[in-house]
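Q: Have a look at this one before I ask anything.
Read the figures in this text as sums done on the coordinates, not as results from a lab. Source: prediction; values computed, not measured. So basically every Cβ, Gly included, is an ideal-geometry build from the backbone, and we count neighbours across all protein chains shown.
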């Protein structure tokens, strides 16, 4: 949970960061109109057309294996009609996040691992949102975006708080047993989930996505009105189990029993999800190109 003391500390830290990345104007414009029941595909497409680079990315992603459409989409308006307003909004958010941290190559090896894990978690979120309906329907595109953003606080530390990042890496090499959150809290008095949630508030992304970021390690501490934090927590675990190599296995941790119980999944389910995720992750090529890691 975020106490007032942690909240104030995070606000001070983030407020002192110069040139903190912000989503492009097109994201906020689309988010504003998307909730209008009378909004048309033409209106959303016209907003996107004001940002040609973003329009091109939305088209690339819509035509990629990510959606697996039978027919090639030739215009943004067509994309909006076929995949829907919410999907387009979440694609814009995802592409924006991948862009915002480009060029900040302070620890390239760490950042490549970060993006690969964020993408694998995002794909796991999308897969799980489609498979697990024991707690109601979770939108797969919103789940994907939340998975992509779940560790964004780590990227803020890496790119904008380099001294703190060095401390973390040194402490991690000394302490192989503790979780990242435990080490961060020990060193700084806050962790990456606190920074990520605060950043989400600054960006004005949907509340349920912020909840997913803030509570992805402890969903039982968040609001139970939406299961997205549970989905992200499970996806994070599945992605680590599926892709971490032998040297990183000690960082996988244990399956959160509260999450397994809440979502009604077993260890056998986890193995099955991991196998399916490896196949699903093959569709990540376009996202990886946008992130600059392919």
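Q: Scale the Cα Rg of the chain by the rule-of-thumb value 2.2 N^0.38 Å and send over the ratio, two decimals. Walk me through the numbers on the way to the answer.
A: Details: Rg = 18.6 Å, N = 294, 2.2 N^0.38 = 19.1 Å.
With N residues counted in the chain, Rg over 2.2 N^0.38 Å equals 0.97.
Q: Here is a further query. So how far apart, in nm, are the two label points at residue 252 and residue 18 if each is 7 Å from Cα heading toward Cβ?
A: 4.5
Q: Still on this structure: Express in nm, to one decimal, how much length is gained between residue 49 and residue 244 on full extension, taking 0.36 nm for each residue of separation and deducting their alpha carbon distance.
A: Details: separation 195, 0.36 × 195 = 70.20 nm, distance 3.95 nm.
Taking 0.36 nm per residue and subtracting the Cα distance, the gain is 66.2 nm.
Q: Place a label point 7 angstrom from the Cα of residue 7 along the Cα-to-Cβ direction, then list the residues of segment 190-226 whose backbone nitrogen is under 13 Å away.
A: Answer for this model: 198.
Q: Any chance you could give the angle, 0 to 90 degrees and rounded to 10, that helix 228-243 forms with the longest Cα principal axis of the chain?
A: 70
Q: So, one more: So what are the three principal axis dimensions of segment 112-240 from its Cα atoms, in whole Å, longest to shortest?
A: Cα extents, longest axis first: 42, 28, 26 Å.
Q: So, one more: Please list, in order, the residues from segment 237-278 whose amide nitrogen is less than 20 Å from a point placed 7 Å along the Cα→Cβ vector of residue 174.
A: 251
Q: What fraction, in whole percent, of alpha-carbon pairs in segment 22-100 exceed 15 Å separation? Present the calculation step by step, with values, prior to reporting the outcome.
A: Values: 1511 of 3081 pairs.
Of all Cα-Cα distances in segment 22-100, 49 percent exceed 15 Å.
Q: Right, next: Work out the FRET efficiency for residue 32 and residue 275 from their Cβ-Cβ distance, taking R0 = 51 Å, and round it to the nearest 0.05. Don't skip to the answer; put the middle values down first.
A: Values: r = 41 Å, r/R0 = 0.80.
Efficiency, from the Cβ-Cβ distance: 0.80.
Q: By how many nm would the segment from residue 285 to residue 70 lengthen if fully extended, with 0.36 nm per residue of separation less the alpha-carbon distance?
A: Additional length available on full extension: 75.6 nm.
Q: At a 10 angstrom cut-off on C-beta neighbours, averaged per residue, how do the peptides 60-69, 284-293, 214-223, 251-260 rank from highest to lowest? All intermediate terms of the calculation are to be shown ahead of the outcome.
A: On the way: 60-69: 16.4, 284-293: 18.4, 214-223: 20.0, 251-260: 14.8.
Averaged packing, sorted descending, gives the order 214-223, 284-293, 60-69, 251-260.
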